[in-house]
Amino acid sequence: MEHSNSKCVAACLACAIECEGCATHCIGMNDKEHLKCIALCRDCADICALCARFEARGSAFTKALCKLCAEICTACAAECGKHTHSEHCQKCAAACKKCAEACTSM
């Protein structure tokens, strides 16, 4: 089955994976400076996975969910982007930006 926006699905899944990895890495750092990063990464991973599923099934609510997904991805990218010393945070920020762009184009 060809999805109407496979770019969005791919970007959401890639972002969810990066966010999960970033949150896990930040938890292991046990650094209070990364608490907001962890929280946003967890929210972002969840909304991205859900958004990909909605898009894949052609849900009538996809566009509305994508709008929220883009908002959360943008917030996560901004937070992760602050941690310039952490490669995992920078990779996550890049994935979040790409996902926000894909979701905005819905």
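The values are calculated or read from the model by the stated rules, or taken from the named source; none is laboratory data. Worth saying up front: this structure is predicted, and the values here are computed from it rather than measured. Backbone-built Cβ (ideal geometry, glycine too); neighbour counts: all protein chains shown.
Couple of notes before you dig in:
- Matching residues, the stretch 10-56, being in a helix (DSSP H, G or I) and among the acidic types (Asp, Glu): Glu18, Glu20, Glu33, Asp43, Asp46, Glu55
- Sole residue being surrounded by fewer than 16 Cβ atoms within 10 Å (Cβ to Cβ) and not polar (S, T, N, Q), chosen from Glu71, Glu55: Glu71
- Hits in the stretch 14-27 - residues which are surrounded by 18 or more Cβ atoms within 10 Å (Cβ to Cβ) and without any contact (Cβ under 8 Å) to a residue 60 or more places away in the chain: Ala16, Glu20, Ala23
- Assessment of the stretch 28-51 against the conditions (farther than 23 Å from His83 by Cβ, of a type outside the set (Asp, Glu) and buried (at least 23 other Cβ atoms within 10 Å of the Cβ)) yields at least one matching residue.
- Among the conditions (1) closer than 19 Å to Lys7 by Cβ; (2) at pLDDT below 95, the only one that Glu33 does not satisfy is (1).
- Scanning the stretch 47-106 for residues that are among the polar types (S, T, N, Q), closer than 14 Å to Cys19 by Cα and touching a residue at least 40 places away in the same chain (Cβ under 8 Å) yields a count of 1.
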